[in-house]
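What follows draws every value from the coordinates through simple rules; no lab data is involved. Bear in mind that the values here come from a model prediction, so they are computed numbers and not experimental data. Cβ coordinates were reconstructed from backbone atoms using ideal geometry, including for glycine residues, and neighbour counts include every protein chain displayed.
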Amino acid sequence: MDVREGPSDAEVVARVLGGDREAFGLIVRRYESGLLRFATRVLGGRDAAADAVAESLVRAYRHLASCRDPTRLRTWLYRIVANRCKSHLARRATGDVSLDDAPPIADPTDNEAALERVEQLAVVEQALATLSSEKREAFVLKHVEGMSYQEMAAVTGERIPTLKMRVHRAREALLKALEDRS
Amino acid sequence: MNSIDPRVHQALDGEIPREALPPALRRVAERLESAAALLAAAPEGRSVADRVLARLHRHAHSPVRRLARWLTAPHPVTLRIRPVWSLALAASLVLLMLLPEERSTPVLGEHEGIAQFVARFPGAHSVQVVGSFNDWRTGTIPLEDRDGDGVWRAVVVLPAGAHEYMFVVDDERWVPDYSANRFVEDDFGRENSVLIVRPVKG
């Protein structure tokens with residue numbers, strides 16, 4: 001079932017705040033894949049990303065009453081995860097990501113094209129890991145999560161011109177890193 | 001760093017149509033888009049739903065929470081008192097009322113202090129304080145404005161240490177205490193006020 005079907009975010013939030021704790025599961029299932037993808041790209045590791053997302057969702061539940069505009073729940077959740085990722089990177093003392101998780105393993109039944117995709121993905125992941133955490137976050141929000149600059153501003157708390165400049169620089173840095181690897 | 005032609009940025013930002021790009025620039029845009037598409041399509045790892053819901057379940061069923069819920073939920077109470085005991089109870093109540101008022105002062109623990117919250121919200125119908133000390137739950141510490149002058153007050157006993165807090169006005173507006181000496185940005189990009197409670201028996 002597509003979890004985007006069914007009640008709106010505002011309706012689900014109202015149910016949770018009304019005491020229906022199980023309804024929060026709907027929010028988790030609706031947004032966890034995007035949040036995990038975002039955190040994985042920013043942190044560079046799936047385990048660290050899972051920790052950050054799980055912790056963020058628990059915090060989101062506890063502070064749900066302070067979500068001023070439940071119709072913008074998605075950007076509110078991304079904001080919490082973005083801040084968790086920043087804290088995580090700050091604890092690592094460097095903004096560099098370590099690609100500590102094993103790369104995706106191709107299934108033996110995969111065809112040649114699929115194997116090639118896995119290799120291409122590894123190259124892109126390595127190139128993305130060379131960007132600063134700010135540029136990485138900006139590129140992923142814009143191009144992987146498909147957010148508008150306005151949504152990105154809500155997630156990061158930055159001004160739109162700052163974000164535009166950051167995305168432009170991220171594209172240039174990523175392109176160079178890709179060319180270095182080709 | 002390689003400089004990308006501004007037209008590529010414009011096309012990627014949807015400001016000009018892709019068709020307006022010459023072939024060489026279109027290839028640059030496509031290179032970046034295909035990289036993003038690979039990142040978007042990659043598996044994002046295990047679901048965290050079970051983990052999150054299990055933690056919420058534990059949170060809701062912890063003994064402290066169960067006790068707090070039991071204490072705050074209304075319960076029908078029936079008292080059956082024998083006449084002789086009811087006389088003794090009445091006598092005790094009279095004695096309690098005659099005791100000096102100092103006796104009603106809360107007994108503070110070694111690591112507790114008194115916090116006074118004062119906020120000016122003229123025209124507000126309700127003001128409460130939420131913070132790290134009450135798990136940011138509304139409905140637990142209301143402020144009072146007995147004389148209707150718009151100045152709301154509450155005095156509570158809190159554990160000694162630093163506490164983050166905000167005021168909730170009319171059940172919907174979350175406002176920091178602008179008279180606080182310290183502020184800290186929370187995970188939601190807002191500023192929380194910080195209160196330092198010193199132990200009375202320090």
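Figures for the structure shown
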{"quantity": "Which of A:30, A:21 has the fewest Cβ neighbours within 10 Å, and the rest in rising order", "calculated": "A:21, A:30"}
{"quantity": "Radius 15 Å from Cβ of residue B:167, net charge of other residues (Lys, Arg +1; Asp, Glu -1)", "calculated": "-3"}
{"quantity": "Diffusion constant of the stretch A:102-182 at 25 °C, which comes from Stokes-Einstein with the Kirkwood Cα-pair radius and 0.890 mPa s, µm²/s", "calculated": "176 µm²/s"}
{"quantity": "Net charge contributed by nearby residues that have their C-beta within less than 15 Å of residue B:195 (K/R +1, D/E -1)", "calculated": "-2"}
{"quantity": "FRET efficiency, 1/(1 + (r/R0)^6) with R0 41 Å, evaluated for residue B:85 and residue B:114 via beta carbons", "calculated": "0.65"}
{"quantity": "Sequence ranges A:155-168, B:15-28, ranked by mean other-Cβ count within 10 angstrom, highest first", "calculated": "A:155-168, B:15-28"}
{"quantity": "Alpha-carbon centroids, the stretch B:109-134 and the stretch A:126-158: separation in whole Å", "calculated": "38 Å"}
{"quantity": "P(r), alpha carbons of the stretch A:1-96 - 10 Å bins starting at zero, rounded %", "calculated": "16, 48, 28, 8, 1"}
{"quantity": "Shape of chain A, Cα gyration tensor, a/c cut at 1.5", "calculated": "prolate"}
{"quantity": "Qualifying aspartates and glutamates (Cα of each under 16 Å from Cα of residue A:86; at least 8 residues distant if same chain)", "calculated": "A:47, A:51, A:55, A:96, A:134, A:137, A:158, B:185, B:186, B:187"}
{"quantity": "The stretch A:1-96: relative contact order as a whole-number percent, Cα under 8 Å and 6+ apart", "calculated": "28 percent"}
{"quantity": "Cα Rg over Rh - the stretch B:144-186, Kirkwood", "calculated": "0.98"}
{"quantity": "Computed FRET value (nearest 0.05) for residue A:62 with residue B:146, which takes r as the C-beta separation and R₀ as 35 Å", "calculated": "0.65"}
